[in-house]
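Shown next, in structure tokens, is the structure this report addresses.
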Amino acid sequence: MSESGSESDTAASTHETVGAAPALVEVRGLRKQFSIHQSLLRPSKGAVKAVDGVDLDIVAGETFGLVGESGCGKSTLARLLVRLLEPTAGAVRFQGVDIARFRGSRLRQQRADMQMIFQDPFGSLDPRWRIERAIAEPLRAHGLRGRSQLRTRVETLLNAVGLDESMADRFPHQMSGGQRQRVGIARAVALQPKLIVADEPVSALDVSVQAQIVNLLMDLQERLGLTYVFVAHGLDVVRHVSTRIGVMYLGRIVEQAPTETLFANFAHPYTASLLSAIPAMEQGRRHQRIVLSGEVGSAANLFHPRCLRRQQRCEVDDPTLRELSPHHFVACHFPLTSRTDRVDFLATATHHEPGLPRRP
Ligand SMILES: Nc1ncnc2c1ncn2[C@@H]1O[C@H](COP(=O)(O)OP(=O)(O)O)[C@@H](O)[C@H]1O
Ligand SMILES: [Mg+2]
């Protein structure tokens, strides 16, 4: 393609951090199924393949952005990464060791190393506990003793997340959403983890507060040397924080690339539809939002029933992730490989009734 040169330039510039360092987390063949019960009296009706064969390396120090529509399996993957869920198949290796094998004190250390930040900090904070207790709890569980010692550490952590020490005496309901998320972040960094998986950490916050929380997370990453997996449903949120982005569709990663490569040279039609949902695309040209329609595949977690570029091959041959250019992976038989392809696709994409993907 005429622009393949520019594509690899972009990849090379964003990729130094990705290519050289060994992976902190290696995900291999990861699957998680949930069985669907129609009712208590009836037997299992089937299974939802929430995560359906994910391979992924997370490199120390990077921010891996994970995006996709609601229900595509982002939270399930996030929870599998920190062992809040057990996989149906496959493995998550942390510094080379399968996390499913950790027991006893090694498991406790492992839990300290891998923390999670949730979308709704209200839900993860006990409403009856003052903030001091909420932040001290993980410290205590990991052996820090002494009331004054704990108090000092809690105050340091509050300051680190931009809150006044006096907040220690409040209850969650006496704080704003942004302040509560800061407490959630303080809890997550309390044990000096290596990896933080943030599951839509700003989705529930006012737009005005979102940037502050994102900036705080970025500051902490630099100060504490953290590695992030940052989950969001839209590409706009992850664009400014991620070194690489993975686009998820019904349990699978369908495109993955360094951030600049993904925005400049997106190849999967589904990624194009996510990009078209961003209000002001930086190409500076007018575009219309591509609204996906069509049935979600029932035999497997396939995209082609909703794809505007599908051809017969897509119905019989399930595309796997392949490397389109260095560090740029796509699972599509007919990816958008040139600028003309992409511009035409965005321009000619027809418009359908709005509809989120439905699970089979
Ligand atoms: N505990 C569960 N039991 C049954 N189904 C679940 C469970 N958790 C998630 N699912 C299903 O798995 C799919 C993926 O969900 P989730 O990982 O929450 O997606 P996302 O975070 O991208 O919105 C959805 O169809 C959801 O209904
Ligand atoms: Mg979720």
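Readers should treat all values here as calculations from the given coordinates under stated rules, not as data from a laboratory. Only a predicted model underlies this, so the values are computations on that prediction, with no experimental measurement involved. Note that we place each Cβ from the backbone using ideal geometry, even for glycine, and neighbour counts take in every protein chain shown.
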Report summary line: Considering residues that are of a type outside the set (A, V, I, L, M, F, W, C) and assigned to a loop (DSSP other than H, G, I, E, B), the number found within the range 162-182 is 4
Query raised in the report: Which of (1) part of a loop (DSSP other than H, G, I, E, B); (2) surrounded by fewer than 21 Cβ atoms within 10 Å (Cβ to Cβ); (3) not aliphatic (A, V, I, L, M) is the odd one out, the single condition P201 does not satisfy?
Result: (2)
Query - Filtered residue count, the range 221-256, keeping only those that are within 16 Å of ligand 2 (Cβ to nearest atom), of a type outside the set (G, A, S) and part of a loop (DSSP other than H, G, I, E, B) - result: 2
Report task. Scan the range 178-187 and give yes if some residue there is at negative phi and surrounded by fewer than 14 Cβ atoms within 10 Å (Cβ to Cβ), otherwise no. Result -> no
Report summary line: Residues of the range 306-351 being under 28 Å from D55 (Cα atoms), among the polar types (S, T, N, Q) and outside any strand (DSSP E or B), in sequence order, are Q311, Q312, T320, T337, S338
Query raised in the report: Looking at L80, is it within 17 Å of the chain's Cα centre (by Cα), within 16 Å of ligand 2 (Cβ to nearest atom) and within 22 Å of T243 (Cβ to Cβ)?
Result: yes
Requested in this report: Considering each residue of the range 235-275, count those that are in contact with a helix residue (DSSP H, G or I) (Cβ under 9 Å, 6 or more places away or on another chain) and among the basic types (K, R), and give that number.
Outcome: 2
Query raised in the report: Would it be correct to say that P127 is part of a loop (DSSP other than H, G, I, E, B), more than 16 Å from ligand 2 (Cβ to nearest atom) and touching a Lys or Arg at 6+ places or on another chain (Cβ under 7 Å)?
Result: no
Requested in this report: Would you mention how many residues in the range 78-105 are within 16 Å of ligand 1 (Cβ to nearest atom) and on the phi > 0 side of the Ramachandran plot?
Outcome: 2
Query raised in the report: Taking the range 51-77, which residues are more than 16 Å from ligand 2 (Cβ to nearest atom), at positive phi and under 10 Å from the mean Cα position of the chain (by Cα)?
Result: none
Query raised in the report: Do we have any residue at all in the range 143-151 that's in contact (Cβ under 8 Å) with a residue 12 or more places away in the chain and away from ligand 1 (no atom under 14 Å from the Cβ)?
Result: yes
